[in-house]
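Report on the structure given below.
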Amino acid sequence: MPYGYDVFILELSSAYVFPISAARISLFDNINELMPYDMSDDWDKNLVKKYKNLPFLDVVRNRNVKPVITKSPHKMNCASIDTDFVVHNIDDFVYDEVEPKMMLPKSDKKVIAVGAFPAEFWNMYPNLKWYEYDYPEFYNMYKGEEYDIAIIGDCKNDEMKLSFRPNKPVICYKPTVYIDYLKTFPKASALTDKNEILSLVRTANVGTSLGIDGCRYEAFNNKYWIKHEFTNLDTITADNNIIYCNGWVLPQHLIREEVLEV
């Protein structure tokens, strides 16, 4: 890859099975397909064991695919990542050059964050301090309010509640820490044609309805095709200084909706 370029890694899971992931893969001419070392000798057979069927295997493979071995116990003579997370033969990786539609602004504001949140915040705020998943330590700093913006990221603890509300701007990807009675989507009860979803995501305008009530893709029926976690919360909800995000709302969306000023 030429020096001086910004590099972004787009990770898509289950693209062989789910139409939305397959549609996103189809945007690119080159992809790196990650294969665990202990499964790489018969990767396709192991995929079938894992997923039982692979309806979008041809969609994924119909491009320049570079196998990348992960979790290798030693250095290999191919694109690989070993058990110490060292990348080998990086020049063998493939990539696409893209022209961004939006240049993210940068700011020297002091930002504290915890949990899982979109990686673009790191590019926007080089001074961001991440407390990983140590919510108690983050909470101590959170209450001190010696920051410009706080980001409360997602985690698996759905019982966690916060009593303190700062005066500083907060971006919250875990709305349940403050909001009660949020309802998650029930288990899908209506069937959906996967190929129809694939075609819609490829060709329709973003925001087009992807499925009827009760289907697996009902949660994506919103302006940005973001998978909502809760049925009774908007994609972006501003409550005074706290911005609640229902799903993986990118900072680009927050900027466009004028609820985040970098």
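With respect to the conditions (1) under 27 Å from PRO105 (Cα atoms); (2) open to solvent by less than 30 Å² (accessible area, probe 1.4 Å); (3) aromatic (Phe, Trp, Tyr); (4) out of contact with any strand residue (DSSP E or B) (no Cβ under 6 Å at 6 or more places or on another chain), TYR244 lacks only one, and its number is (4). Out of the residues in the stretch 11-23 that are at pLDDT 90 or above and not aliphatic (A, V, I, L, M), state the one that is nearest to TYR95 (Cα to Cα). Here the answer is SER21. Taken together, HIS74, HIS88 contain a single residue that is over 20 Å from the mean Cα position of the chain (by Cα) and exposed (fewer than 12 other Cβ atoms within 10 Å of the Cβ), which is HIS74. When the stretch 111-126 is limited to residues that are in a loop (DSSP other than H, G, I, E, B) and in contact with a strand residue (DSSP E or B) (Cβ under 8 Å, 6 or more places away or on another chain), the one that is farthest from ARG256 (Cα to Cα) turns out to be GLY115. For the stretch 205-224, the set of residues classified as open to solvent by less than 20 Å² (accessible area, probe 1.4 Å) and within 18 Å of the chain's Cα centre (by Cα) consists of TYR217, ALA219, ASN222, listed by residue number. Give the residue, chosen from GLU145, GLU159, GLU132, GLU97, that is modelled with pLDDT of 95 or more, open to solvent by 50 Å² or more (accessible area, probe 1.4 Å), among the acidic types (Asp, Glu) and more than 30 Å from ASN53 (Cβ to Cβ). Exactly one residue qualifies, and that residue is GLU132.
The values are calculated or read from the model by the stated rules, or taken from the named source; none is laboratory data. Quantities reported herein were computed from a predicted structural model and do not represent experimental measurements. In this analysis, Cβ positions are derived from the backbone assuming ideal geometry, glycine residues included, and neighbour counts consider all displayed protein chains. Surface accessibility is based on the protein's heavy atoms, side chains included, excluding ligands, DNA and RNA. Shrake-Rupley method; radii C 1.70, N 1.55, O 1.52, S 1.80 Å.
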